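The values are calculated or read from the model by the stated rules, or taken from the named source; none is laboratory data. Quick caveat: nothing in here was measured; it's all calculated off a predicted structure. All Cβ positions, even for glycine, are placed from backbone atoms using ideal geometry, and neighbour counts span all protein chains on display. SASA here: full protein model, heavy atoms, side chains in, ligands and nucleic acids out. Shrake-Rupley method; radii C 1.70, N 1.55, O 1.52, S 1.80 Å.
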Amino acid sequence: MIPQAEKGKQMHLSKRIMVTGGCGFLGSHLCERLLEQGHDVLCVDNCFTGTKRNIRHLLNHPDFEFIRHDVTFPLYLEVDEIYNMACPASPIHYQFDPVQTTKTSVHGAINMLGLAKRVRARILQASTSEVYGDPEVHPQPESYWGRVNPIGIRSCYDEGKRCAETLFFDYYRQHRLKIKVARIFNTYGPRMHPNDGRVVSNFIVQALKNEPITVFGQGQQTRSFCYVDDLIEGLIGLMNSSDEMIGPVNLGNPAEFTIMELARKVIELTGSASEVIYKPLPQDDPRQRKPDIALARKELQWQPVVGLDEGLKKTIAYFERLLEEENR
Ligand SMILES: NC(=O)c1ccc[n+]([C@@H]2O[C@H](COP(=O)([O-])OP(=O)(O)OC[C@H]3O[C@@H](n4cnc5c(N)ncnc54)[C@H](O)[C@@H]3O)[C@@H](O)[C@H]2O)c1
């Protein structure tokens, strides 16, 4: 039997694909999947929030290269496609150096769009549901323009991502670039950062350590949780869609849960003795978040298939291994 990677090459489907932010949570899964499909993958990352540990298993792969580089500086390489994933994604990380966060989104987009223009590569932007801010429309369709505070502590991320979308669309209109904009909603899974304050990793780590589970407010705010494998299929599907399909397109899981429901599920699945404790809601914390994925369903024939219990079990298994390694 011909291995998957060889099959791709024999059919001349192999492409040179750059993944910025490739050492991160989503980026590392994307690199892995693209290699499985037989492509040459160039992972570009400055290892700010991502780590080489996430790509350790890929480093000896003959079609994989890692380049340590900060996307706020230009980079010139021959590639066919660019997935622009580089950007710290959790509030703890993006608020650590907010000016650098805006630079990563805005200068990073300019540099990657410049490269795509030069080598005529297709380019996909990892945008976010945060472009909708604290929405008055629920669930959020792509046509909704959002309600974002331009001067708050989350603005470096939200407005940075909004500006990156603007740049993508201006490069499309002005330079006829082949762009794709994905608005990613909460995604979780193995290789999430254990201490980045994101709700799924937070709850799991707290539960596994039998520490109190911290719920902000009364836990009645809702979120939707997409398992990483589903999201990666959506991103690749978007990249491979027709040139007209530029987005923005929501990618996420529309199943909606309150934060309290998530806390109960995590306690149950880990068999933890943790109790729930309540803390004040952070500034500009959205009350509701749920994607309208009608467009992705219609244009990409994509929808998530992994349910919350199944995804949580895989994620819990990952964090169990990680904590064991740390305690060794
Ligand atoms: N995970 C989610 O739920 C989610 C939701 C919406 C959008 N996104 C977007 O998806 C992308 C990936 O998110 P993630 O969850 O994997 O986060 P992550 O923090 O794990 O990954 C981001 C990666 O980008 C790298 N990076 C940061 N600044 C950089 C710079 N200046 N130059 C080069 N590399 C840099 C980091 O080191 C890291 O490896 C981000 O753009 C994020 O905004 C993620």
(message) Quick check on the stretch 1-38: of everything there that is closer than 18 Å to GLY234 by Cβ and either modelled with pLDDT under 95 or acidic (Asp, Glu) (or both), which residue is surrounded by the most Cβ atoms within 10 Å (Cβ to Cβ)?
(response) GLU32
(request) Would you check if there is a residue in the stretch 244-267 being open to solvent by 70 Å² or more (accessible area, probe 1.4 Å), farther than 22 Å from ARG183 by Cβ and modelled with pLDDT under 95? (result) no
(request) Being touching a Leu at 6+ places or on another chain (Cβ under 7 Å) and small (Gly, Ala, Ser) is the filter; apply it to the stretch 204-243 and report the residue that is surrounded by the fewest Cβ atoms within 10 Å (Cβ to Cβ). (result) GLY217
(message) Out of everything in the stretch 280-322 that is polar (S, T, N, Q) and surrounded by 14 or more Cβ atoms within 10 Å (Cβ to Cβ), what residue ends up being nearest to VAL205 (Cα to Cα)?
(response) THR315
(request) Please tell me if VAL41 is in contact with a Gly (Cβ under 8 Å, 6 or more places away or on another chain), within 14 Å of the ligand (Cβ to nearest atom) and at pLDDT 95 or above. (result) no
(request) Return yes when ASP196 is of a type in the set (D, E, K, R) and closer than 19 Å to CYS226 by Cβ and no when it is not. (result) yes
(message) Restricting to the stretch 45-78, name every residue that is farther than 18 Å from HIS93 by Cβ, β-branched (Val, Ile, Thr) and touching a helix residue (DSSP H, G or I) at 6+ places or on another chain (Cβ under 9 Å).
(response) ILE55
(message) Can you tell me which of (1) buried (at least 19 other Cβ atoms within 10 Å of the Cβ); (2) assigned to a helix (DSSP H, G or I); (3) away from the ligand (no atom under 16 Å from the Cβ); (4) of a type outside the set (Phe, Trp, Tyr) is the one ARG173 doesn't meet?
(response) (1)
(request) Restricting attention to helices (runs of 4 or more DSSP H) lying wholly within the stretch 199-297, give those where 3 or more residues are more than 20 Å from ASP309 (Cβ to Cβ). (result) 228-239
(message) Every residue in the stretch 59-111 that is away from the ligand (no atom under 12 Å from the Cβ) and aliphatic (A, V, I, L, M), please.
(response) LEU59, LEU77, VAL79, ILE82, ILE110
(request) Filter the stretch 135-158 down to the residues that are closer than 19 Å to PHE257 by Cα and more than 16 Å from the ligand (Cβ to nearest atom), then identify the one that is least open to solvent (accessible area, probe 1.4 Å). (result) PRO141
(request) Go through the stretch 113-125 and count every residue that is within 17 Å of PHE169 (Cβ to Cβ) and open to solvent by 10 Å² or more (accessible area, probe 1.4 Å). (result) 3
(request) Of all residues in the stretch 176-187, count the ones that are farther than 11 Å from ILE123 by Cβ and more than 7 Å from the ligand (Cβ to nearest atom). (result) 3
(request) Just give me the residues in the stretch 179-196 being at positive phi and open to solvent by 30 Å² or more (accessible area, probe 1.4 Å), in sequence order. (result) ARG191
